[in-house]
Structures are given as C-alpha cells and as structure tokens.
1. Looking at segment 67-145, what strands (runs of 3 or more DSSP E) fall wholly within it and have at least 3 residues that are touching a Cys at 6+ places or on another chain (Cβ under 8 Å)?
2. Go through (1) exposed (fewer than 15 other Cβ atoms within 10 Å of the Cβ); (2) not in a loop (DSSP other than H, G, I, E, B) and name the single condition Ser436 misses.
3. Please list, ordered by residue number, the helices (runs of 4 or more DSSP H) wholly in segment 312-427 having 3 or more residues that are of a type in the set (D, E, K, R), at pLDDT 95 or above and outside the structural domain of Leu440 (by TED's automatic domain parsing).
4. Of the residues in segment 307-326, how many are more than 12 Å from the ligand (Cβ to nearest atom) and touching a residue at least 60 places away in the same chain (Cβ under 8 Å)?
5. Looking at segment 155-182, which of its residues are in a loop (DSSP other than H, G, I, E, B) and within 18 Å of Pro282 (Cα to Cα)?
6. Given Thr361, Thr453, Thr417, Thr467, which one is within 28 Å of the chain's Cα centre (by Cα) and among the β-branched types (Val, Ile, Thr)?
7. Can you report the number of residues in segment 445-462 which are at pLDDT 95 or above, farther than 16 Å from Leu248 by Cα and of a type outside the set (A, V, I, L, M, F, W, C)?
8. Modelled with pLDDT of 85 or more, crowded, with 19+ Cβ neighbours inside 10 Å and under 24 Å from Gly210 (Cα atoms): is that true of Val111 in this structure?
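The values are calculated or read from the model by the stated rules, or taken from the named source; none is laboratory data. Quick caveat: nothing in here was measured; it's all calculated off a predicted structure. When we count neighbours, we look across all protein chains shown, and the Cβ atoms used for this are built from the backbone with ideal geometry, even at glycine.
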Amino acid sequence: MSTTTQSSVARTYQIRTHGCQMNVHDSERLAGLLEGAGYVRAGDGEADGAADVVVFNTCAVRENADNKLYGSLGHLLPTKQARPGMQIAVGGCLAQKDTSAIVERAPWVDVVFGTHNIGSLPVLLERARIEQEAQVEIAEALQHFPSTLPTRRESPYAAWVSISVGCNNTCTFCIVPALRGREVDRRPGDILREIETLVAQGVQEVTLLGQNVNAYGTGFTDFEGTERFGDRQAFAKLLRACGRIEGLERVRFTSPHPKDFTDDVIEAMAETPNVMPQLHMPLQSGSDRVLREMRRSYRAERYLGIIDRVRQAMPEAAITTDIIVGFPGETEEDFAATLEVAERARFASAFTFQYSTRPGTPAATMGDQVPKEVVQERYERLLEVVNRLAWDGNREWEGREVEVMFASGEGRKDSATHRMSGRARDNRLVHVAVPSDEALRPRPGDIARTVITHAAPHHLNADGGITDLRRTRGGDAWQARQAQPEKTGAPAVGLGMPSVGVPAPLPPAEGCAVG
Ligand code: SF4
C-alpha cells in the first residue's frame, strides 16, 4: 500500500549520506524510490531529523563510523518520541556490516537494509509501520543492479552512471570487497541506454562509476549470472561508445586501478573528444614493499609508466590520486618513496589520508602499526609536497584560455565576489568573473571560454570575463528545474571527506571509488 493512500498530506523524508560517491549515488536512488512511493523531500530549512522518515546511508570506512552513527541515532530518539509515526532507517556499508546489531543497540530504529537491497526500502518502511516491528533485510548478493532503480538526480546537467558494483581485489586496508561483494558488471547496452536517456533530459556530463573501472567486462558474470563479457577492451569500447552519443559534452570516470590499466584505454581517452583529459588513479603508496603489503599488485614504476603514456597521448591531462600515509610497517624509507613518486607524477591534486584501522580488514590486525605522531608528521610533509605540486601545475595555466562548464554550488564566495564557478575540461576548479547583467550571464550547465588570471593551490581565477558563451541544454534543464515549484529541499550529504562539488567528478576517497 502506498503511503499516499493513508493521508492527504504526503510523508516527508530526509537522507543523511556519509562516505563516497557510491553512497551519494545510492542516496539519489533512495530518494527516487521514496518519491516513487509518494514521499516528498523535507525542505532545505528543516532541522535535521524534522521529517517523517530519516534515512542514514552509512559508510564503514572512517574510523569510529559506528560510534558516530549510534551518537546520531541517540540524538534522534527524543525527536522520534515527540513525533508519532516517525521512522528511522539505516542502510549502507555499516548496516551491511553490523546487520541486526543496529536494532539491538538502537531499538528505536525501524528499518535496517544492506548495500545489496536498497530497492526494498519503501516496502520495509511500510512493513515496519504495519507490523510495528523493526525490519532487518541484508542480502548477501546484489538483487537488482542499482541503476535500474528510480533515481532522483541532484544535478540536471551532470550525472553519475554506475558501470559496475563490488570489487574482486583484496586490498588489505579496504572493507569494500567484504561489504559490496564481488564485482558485477552492467551490460554495455544498459549503460549506454541510461546515458542516452539522461542526455535527452538535459544531462551533458556523465561520470562512469565503478570500484575498478579497468576491470569492467574482463571475465565477470553479469547480474543474471549467465553471460561473461570476457573482453579486456570493454572499458575502452565503452568510452568510445560514449563519444558517439550526440549532445554528451563531457565524460569522466572513476576509479581506475593501475593493475588493470591497459593502453587501449589511453588511446580511447585521447581519441574520443568528449572524454576529458583527466585521470584520477589511486597510488596509495609509492613504496613497492608497502604496495605488496597492501596487496596492490602494481609497482611504482608501472604506475609512473601509465602516467607517462597518458601524458604522451594527452599532454595537458590533469592527474590526481589518493595516497594513504602510515600503513602498518611503513618506514621512513617507504614514505620517502611515496614522496618521490608524487614528485615524479606531478599530481594536479591528491586526496591524502592518514591510515586508520578498519575493523574487518586484514590490515587492522597487522603488527607494526605506525605511531599516530609519526603518521601525523609524515602526513604534513606529504601535504606540503602535494600542495606545492598542485600550485605549480595551476600556475602553468596563468594567461591561458580554458573552457569552463559552470556549476551550482562550486564556489562558496561566488555571490560576494561576483563570480561563478565551474570546471575546466581537466576538472580544475575555476572561479570566473561574470557579467552582472542576467541576460549575459551563464547559467549552471552553460559553457564558456575564459582566460586564467590567477592560480591558487586548489583553484584558478579568471577575472577578465567570458567569451563564446554557449547556452546549453544542460543550462536549459537547470533553468527548467528552477522554475518548478519547490516541493523538496536538498538531502543532507555529509561526506566527512574533502569534497569537490556536486556531482563530484573526482573521488574524495581512499580505496578507489569508495570512502
Ligand atoms: S581499494 Fe579499490 S581495488 Fe582495492 S579492494 Fe578496495 S575497492 Fe577494490
């Protein structure tokens, strides 16, 4: 029974999202499912917890993630007691990990659902309401490929598109294989159909999402378990197929794994004009010994070799990465190797993380954990290096022209500085001075050219104005959404990690595309 049949006033929902883009994209689907079941999003101005249904989409990667979740659930208890009919649901990786322990520790939780069965949320909420009993449903294996579920996308002009879920690697610091399961690839035809549908709706940028996009299609059964793609070139072919989609301006992907990175992907990137000159490839460590301990089967020279070939094919490609400092047993020599690889790779930016133990991962029980103060000191040295490299890279753009696709929510000071922000083709953040006359200003989604006047470590400024403004279908889609009556507010997305805007084309994540 739909909730809308019970009352003329639709029930409201809030989603609190933690973790990586996978979770952010899953939350878009949870929102789509709830709206399909008749719920409406609680308004922007509503306080946390001021909704009929509050959903926590959790992450198991960060240290103390469970304590933080139980703290938040505890805070919500008085709200729930004062609001008859309110329901609380917990999904995501922590739910997959802790299962029924959640309702034991927080018996006021109504629904616990796993990473494989987000499609069940509306039914579970309804069942919990009717039976007045908590519902726990954790599937061991994927039930539907998530992209087949309804989605309420946050941006009208840019979208994430899942190409695979799960991971067949066994990196010793990563909880993903345990919680998201083995890799399941989505059929190329389904992916391309989804992208074409999105483009028809005004989307002009897609980010292909998978824990290890380079493994896409290389010998895994698909969801039905009946077909093996067995095609090592499947990802390159997918990129080229994206290049044939009329109206698709920009294609990005995250994350590739150096182990599986093949040259046909570099060729496809270089030869497909709408695939952006940008590569986010997790390094994690520059020490071969640590990489071995991490069970990441590439070595530093292979990593650097890929970067060299990418730069040969696309001299202006921006290369970004994830690095973990203080993995168990990391010596000063190992750390020096990481600094050296960073220098040689000339990263445009790096998401840097201090290693912290994650229960359930092999690394959590390794001896030789590096003392906190040593990790901190190394982390600060690494930050200095990556910030300097990022600034050096940005300075090379001073005086040069870039194409910017404008976005909403990318520049916090934009209204004070009369700028609008967006991304260059290589994903650098650019704050652009724009005309004050509304008729001459770009809308989020529109594209223009501009000359960089100033480089900062983490952004570029362009204060000389814009040329070649293109009013795009993405801008039209943004404008059309503004004109719609405001029936919902934005979901609370607390990444708890460095974020690069919505939708974030780079993974603010350690552990590939996962938090
Ligand atoms: S770090 Fe990435 S490649 Fe390694 S197990 Fe986790 S998701 Fe897979």
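1. Because the criterion is at least 3 residues that are touching a Cys at 6+ places or on another chain (Cβ under 8 Å), no strands (runs of 3 or more DSSP E) in segment 67-145 meet it.
2. Of everything listed in (1) exposed (fewer than 15 other Cβ atoms within 10 Å of the Cβ); (2) not in a loop (DSSP other than H, G, I, E, B), Ser436 misses just condition (2).
3. 332-345, 372-395
4. Restricting attention to segment 307-326, the residues satisfying the condition of being more than 12 Å from the ligand (Cβ to nearest atom) are 307-321, 323, 325-326.
Cutting the leftovers down to touching a residue at least 60 places away in the same chain (Cβ under 8 Å) gives us 316-318, 320, 323.
Total satisfying the criteria: 5.
5. The answer is Gly166, Cys167, Asn168, Asn169, Thr170, Cys171, Thr172, Phe173, Cys174, Ile175.
6. Details: Thr453 fails: within 28 Å of the chain's Cα centre (by Cα); Thr417 fails: within 28 Å of the chain's Cα centre (by Cα); Thr467 fails: within 28 Å of the chain's Cα centre (by Cα).
So the residue among Thr361, Thr453, Thr417, Thr467 that is within 28 Å of the chain's Cα centre (by Cα) and among the β-branched types (Val, Ile, Thr) is Thr361.
7. Residues flagged as at pLDDT 95 or above, farther than 16 Å from Leu248 by Cα and of a type outside the set (A, V, I, L, M, F, W, C) within segment 445-462 amount to 6.
8. Working: modelled with pLDDT of 85 or more: yes; crowded, with 19+ Cβ neighbours inside 10 Å: yes; under 24 Å from Gly210 (Cα atoms): no.
No.
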